[in-house]
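Please treat every number below as a calculation from the coordinates, not as lab data. From a predicted model like this one, the values you see are computed outputs, not experimental measurements. Cβ placement follows ideal geometry from the backbone for every residue including glycine, while neighbour counts extend to all protein chains displayed.
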């Protein structure tokens, strides 16, 4: 983690792997392919996000082989108790503003795995994301005000509108939680 408790790129990939295993045991090769698909669709091809091998999760005891031959892509792996703790630690990481490619990936992973958390933890995550969106919106407001009447300010208005829609969605999700 960075000093501000946000995730470095390899930890984002680790969150993707552990979150996938939190959903249930997976084929080793299938999980690797799913992680590559998701990260490539969110941030595009990135050397930073090739990440460490799923083997490292097995070596560190965060996952274990539950069926199939060791070393085979067809083997099935599952999360361990240590992996569950690591997943919750990674889910609790802060988001870095302004959103860059890695922060956006972490945000989308948090939303993807949100249903795996209890209602209180879900609310904490949604509130953290809302704070980030409010910060981004305030930054955009200042930019639009400084360059009012120019094309850039009009473009910033699109992002401001999107931020408002995101905040409304986040608030509706928080209101719908059963605490």
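Assorted remarks:
- Two-site label geometry, residue 159 and residue 40: point separation in nm, points 7 Å out along Cα→Cβ: 2.8
- Between 0 and 90°, nearest 10: helix 119-146 axis offset from the chain longest Cα axis: 40
- Relative contact order [Cα under 8 Å, 6+ residues apart], region 54-142, whole percent: 19
- C-alpha long axis of helix 81-91 to longest principal axis of the chain, angle in °: 10
- Between helix 101-113 and the chain there is an angle of about 70 degrees, using the helix long axis and the longest principal axis of the Cα atoms.
- Normalising the average separation of contacting C-alpha pairs (under 8 angstrom, six or more residues apart) by the number of residues puts the relative contact order of region 118-179 at 48 percent.
- Global form of region 1-86, assessed from the alpha-carbon gyration tensor, a/c cut-off 1.5: oblate
- Computed over the chain: relative contact order in percent, which uses C-alpha pairs under 8 Å that are six or more apart: 22
- Computed [θ] at 222 nm, helices only, for the chain once each DSSP H run of length n ≥ 4 contributes -39500 (n - 2.57): -21000 deg cm²/dmol
- Among the listed values (1) 207; (2) 123; (3) 182, the one computed from these coordinates for volume of the Cα convex hull per residue in Å³ is (2).
- Global dimensions of region 118-179 from alpha-carbon coordinates: Rg and Dmax equal 14.3, 46 Å.
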